[in-house]
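The values are calculated or read from the model by the stated rules, or taken from the named source; none is laboratory data. Small disclaimer: the values here were computed from a predicted structure and weren't measured. Cβ atoms come from the backbone with ideal geometry, glycine included; neighbour counts cover every protein chain shown.
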Amino acid sequence: MKTHVIAPSILAADFGNIQREVEMLNASEADWIHVDVMDGVFVPNISFGIPVCKAIHTHAKKPLDVHLMIEKPENYVEAFRKAGADIISVHYEACPHLHRNLQQLKDLGVQTGVAINPHTSVNLLRDVIHQIDLVCLMSVNPGFGGQTFIEGTYEKVQALRNIINNAGASTKIEVDGGVTIDNAKSLLEAGADVLVAGSFVFSSENPMDTISNLKNV
Ligand code: DX5
Ligand code: ZN
């Protein structure tokens, strides 16, 4: 099995002990830390913003993978870059000028990410695939942790893998939402490179062991 990336979502962590939680991730086999930002407009929930991202960055020894579930991300990406983001994903559905957003991210020296909702076709990314370092395929409707994985995701992963391979691009595929030990292997076999897991990691008895299990499927 090829090496894949595990990106636990800090959204499911204990925010009263954020330093301890980040230090646990530092000590674990996690590769990245997934940071879910929600604005209450693009998605029907509010999570946290720039100061919390900065606080996570203060303690993190691993790259921050920032998932912006927000309207008008162009107004905030620079602030998130300064707050420590290494990868920033904007939503396809929030970006009528996606090519411009990708250029802006490149100019900021951050890895470029595009997240797509479950109803959005991967075919829509064809013309910009060379500009994208990471596609975040949503396997739940964004807005909440702990939702049920949408089974149609496997086919989307395969279709996106074909687009990337046919284009000769090096874009990584990330699957986000409802990932557990039960679907991890199938997702990797379908062509995923990065698995995000929130509640499955943080609700487990031993999050470090759970991360290790996901890393070694
Ligand atoms: C959903 C977020 C996900 C979520 C993952 O809006 O983008 O990253 O936190 O959480 P689980 O793994 O609990 O579905
Ligand atoms: Zn996310």
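Observations
- Lone qualifier among F80, F144 - being surrounded by fewer than 22 Cβ atoms within 10 Å (Cβ to Cβ) and among the aromatic types (F, W, Y): F144
- Pairs are defined by a Cβ separation below 6 Å, a sequence spacing of at least 6 or placement on different chains, a first member in region 63-80 that is within 16 Å of D176 (Cβ to Cβ), and a second member that is at pLDDT below 95; no pair meets this definition.
- Within region 184-202, if we keep just the residues that are in contact with a helix residue (DSSP H, G or I) (Cβ under 7 Å, 6 or more places away or on another chain) and part of a loop (DSSP other than H, G, I, E, B), the residue that is farthest from Q158 (Cα to Cα) turns out to be G198.
- None of I211, I173, I129 is assigned to a helix (DSSP H, G or I), more than 14 Å from ligand 1 (Cβ to nearest atom), out of contact with any Lys or Arg (no Cβ under 6 Å at 6 or more places or on another chain) and not basic (K, R) except I129.
- Criterion: surrounded by fewer than 22 Cβ atoms within 10 Å (Cβ to Cβ) and within 23 Å of V196 (Cα to Cα) - qualifying residue of V135, V110: V110
- Against the test of being surrounded by fewer than 21 Cβ atoms within 10 Å (Cβ to Cβ) and closer than 20 Å to F144 by Cβ, the options P63, P44 yield a single qualifying residue, P44.
- Among residues of region 22-34, those that are under 16 Å from D65 (Cα atoms) and either more than 16 Å from ligand 2 (Cβ to nearest atom) or touching a helix residue (DSSP H, G or I) at 6+ places or on another chain (Cβ under 6 Å) (or both), counted: 5
- Screening L102 on (1) crowded, with 17+ Cβ neighbours inside 10 Å; (2) within 16 Å of ligand 2 (Cβ to nearest atom) shows it passes everything except condition (2).
- Filter result (crowded, with 18+ Cβ neighbours inside 10 Å, more than 15 Å from ligand 2 (Cβ to nearest atom) and either closer than 14 Å to N123 by Cα or under 16 Å from the mean Cα position of the chain (by Cα) (or both)) within region 164-186: I164, T171, A184
- From the options N45, N17, residue that is more than 16 Å from ligand 2 (Cβ to nearest atom) and modelled with pLDDT of 95 or more: N17
- Filter pass, A192 being aliphatic (A, V, I, L, M), closer than 18 Å to T3 by Cα and either touching a strand residue (DSSP E or B) at 6+ places or on another chain (Cβ under 9 Å) or without any contact (Cβ under 8 Å) to a residue 60 or more places away in the chain (or both): yes
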